[in-house]
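What follows is calculated from the coordinates using simple rules that are stated; it is not laboratory data. Since this is a predicted model, take the numbers as computed values, not measurements. Note that each Cβ is placed from the backbone with ideal geometry, even for glycine, and that neighbours are counted across all protein chains shown.
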């Protein structure tokens, strides 16, 4: 794995240093309209000094499509990009996914640098080599596995984000903590969103990215272990879909934070996961994320959604569960009564 | 390199055996309208027995575009392809290039099998991992390097091709002979197109593909040595473009066969390449390919075309030349007078 990840809150210096070490003929930066407006100004001087050419696409997952991809290919070609050119992707997961795919395929692959601007993309989309676009109504239907040459991770762009966005990304960090060790997990539960501390957050982010990095290293093409990263997502996706049907969508990370409560309950029931850790986790989530409201009338719908989660091969409900912090078991088959009991206990834990 | 290349004239058996060894859930075959009509019937029974789903695109390099690619992605998705599916690309370089790119990107990559149906694609496009499409008016503007799991190479589909097509592909084999050894090269010069011998041709093809395979193995991403494969192409592309401007296009392989005469003359002038080999080669080409007609009035145009060949970095004329058979020197800078002298001698050698 030759990918370089730099953790710093002096992003301008990191950009300078990275570009100094790269032999390129033309430099491009891809942003969406939002990052162009809110984040780009922080780095504009450094990038301009290096003769950067801007490419901008529309914001939002709905624009992570073939039309935006074609636009990037065209802009690269018409501005004289060659195999020796470099593309910087400055944005959230939508920009790093689409820009990574554009770079991986332009002239059969040019180098690219990711500068994620959301906590979620820093911790998730920017590391692990997944690139791609939505196509024909399906998420990430086409793409390639290919890692950025360099990823520059900072908490600097988070200043411009609403706190809900930060919390949403933080849920994935909590997941990595649970997949890692009690030390990492305990530190994460101490973080206080009321007392914004960029240096502490950057340290936590570094630990979290390294957890994911190690899992991806062991299973780059998602053949097995990488499914550990689905922790919280089977129940979480069901919550997300239910919220969508109720016409009041919830942020992805919130759904994962709540989904992990359900799945830790299942871990306790099936694999004897320590109930005191479960309670501490549920308490942290309740205090910082509130609760997703469900009643037992929602159970049939939720069970059906969990059964159809795209990451499941057959009709059974299949979870990645924990025996203890850092000890994950993928492909745990559960029966419906266990899941219903876990949903009951979830409701107790979040006081609904 | 895990790619498997099977040389056989019992293609049906090779397909059976290959599919037996692969764990897949759905099987697709991509053809263009021509190969669907002329070649597919030879293998239809075997493929149908394995429950193949057909995808067909329009023929011709002009259709190696984003529209055809989208069509393939859509057909894969709508017919339930998953990461465990397999795509067979049955066709010339246009089909293997586009189909290879579609497979490499659908759900971030599914496995594919190439069955090239022209000599050129067998010897060139099907091996080496170059996939892609034309985009925004530029050839192979987007794509990836990714090898087929298996390539099944035979001379069987050549029965349905005009002899000019076969000769065109054979020129690339002659090139590989020159890049390899006197033994390989001498055998190639003994082949008689009047006396069609599929088994002998298959043997020659195997040797030729192995020459390319070895070069690609040493330089998969075209950083240096792979430019050896440009032998004959700098002068050849200039002939091809001139013919296009004259509104009477010539087959690519013919242009390369003639271009190699020019470049072997230069090799003799600059690197003391053996003139008797040059004469034997030029004689073989003249007898089988005839001559491309030029006068000294075409020289300025040809020089300008060679200078702008896309594989050249600067304004100089840069060739891959030979010190002897198998001893290639890339990046040989020449001056214009040498090239003019080489064009004079080319005209002598092909009696114009």
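Based solely on its DSSP helices, what 222 nm [θ] is calculated for chain A when runs of n ≥ 4 H residues each add -39,500 (n - 2.57) and the sum is averaged over all residues, nearest 500 deg cm²/dmol? That comes out to -15500 deg cm²/dmol. Result for chain B in a Gaussian network model with C-alpha springs under 10 Å: among B:114, B:136, B:293, the largest mean-square fluctuation is at B:136. By how many degrees, between 0 and 90 and to the nearest 10, does the Cα long axis of helix B:11-20 differ from the longest principal axis of chain B? Roughly 50 degrees, rounded to the nearest 10.
Sorted from closest to farthest, the other copies place their residue A:190 label points 8.1 nm away, with each point set 7 Å from Cα along Cα→Cβ. Restricting attention to region B:67-198, close to 25% of DSSP beta bridges with both partner residues there are antiparallel.
In whole Å, what is the distance between the alpha-carbon centres of region A:77-105 and region B:145-185? Rounded to whole Å, the Cα centres lie 35 Å apart. Ratio of Rg to Rh for region B:7-80: 0.99 [Cα atoms; Kirkwood radius as inverse mean 1/r over pairs].
In chain B, the beta carbon lying closest to the axis that superposes B onto A belongs to the residue given here with its whole-angstrom distance, B:144, 3.
FRET efficiency for the residue B:61 to residue B:33 pair, using the beta carbon distance and R₀ = 22 Å, is estimated at 0.95. On a per residue basis, the convex hull of the C-alpha atoms belonging to region B:4-160 measures out at 95 Å³.
For region B:179-253, what percent of Cα pairs sit more than 19 Å apart?
Details: 1537 of 2775 pairs.
Pairs farther apart than 19 Å: 55 percent.
With label points defined 7 Å past Cα in the direction of Cβ, position residue A:38 shows copy-to-copy spacings of 5.8 nm, given to one decimal and shortest first. Inter-label distance, residue A:297 to residue A:225: 4.7 nm, where each label sits 7 Å from its Cα along the C-beta direction. Note on region A:4-160: antiparallel DSSP beta bridges, both residues inside, total approximately 10 percent of the bridges counted.
The same position residue A:327 in the other copies lies at 6.7 nm from this copy, comparing label points 7 Å beyond Cα toward the beta-carbon, shortest first. Panel note: the C-alpha atoms of chain B, placed on their principal axes, show extents of 61, 42, 37 Å (largest first).
Given springs between every Cα pair under 10 Å in a Gaussian network model of chain A, which of A:113, A:163, A:215 has the largest fluctuation? Between A:113, A:163, A:215, it is A:163 that shows the largest mean-square fluctuation. Once the chain from residue A:9 to residue A:190 is taken as fully extended at 0.36 nm per residue, the excess over their C-alpha distance is 63.0 nm. Structural size metrics of the protein assembly as shown, computed from C-alpha coordinates, are Rg and Dmax of 29.4, 95 Å. Rounded to the nearest 10 degrees, the inclination of helix A:275-289 to the longest alpha-carbon principal axis of chain A is 60 degrees. Between residue A:164 and residue A:217, the C-beta separation translates, for a Förster distance of 35 Å, into a calculated FRET efficiency of about 0.65. Of all DSSP bridge pairs formed entirely within chain B, close to 30 percent run antiparallel. Derived value for region A:168-349: Kirkwood hydrodynamic radius 16.4 Å. Basis is the mean of 1/r over every pair of different alpha-carbon atoms. Using a Gaussian network model of chain A whose springs link C-alpha atoms within less than 10 Å, name the residue from A:41, A:116, A:198 with the highest mean-square fluctuation. In this elastic network of chain A, the residue with the biggest mean-square fluctuation among A:41, A:116, A:198 is A:41.
So how do A:189-195, A:326-332 stack up, highest first, on mean other-Cβ count within 10 Å?
Working: A:189-195: 11.1, A:326-332: 15.9.
Packing order, densest peptide first, comes out as A:326-332, A:189-195.
Rounded to whole Å, the principal axis extents of the Cα atoms in region A:62-147 read 32, 27, 19, largest first. Between helix B:336-349 and chain B there is an angle of about 80 degrees, using the helix long axis and the longest principal axis of the Cα atoms. Between the alpha-carbon centres of region B:1-63 and region B:212-286 there is a gap of 32 Å.
Computed over region B:87-197, the alpha-carbon pair-distance distribution with 10 angstrom bins reads 15, 39, 32, 13, 2, each value a whole percent. Counts of other chain beta carbons within 10 angstrom of each beta carbon in peptide A:106-115 average 3.
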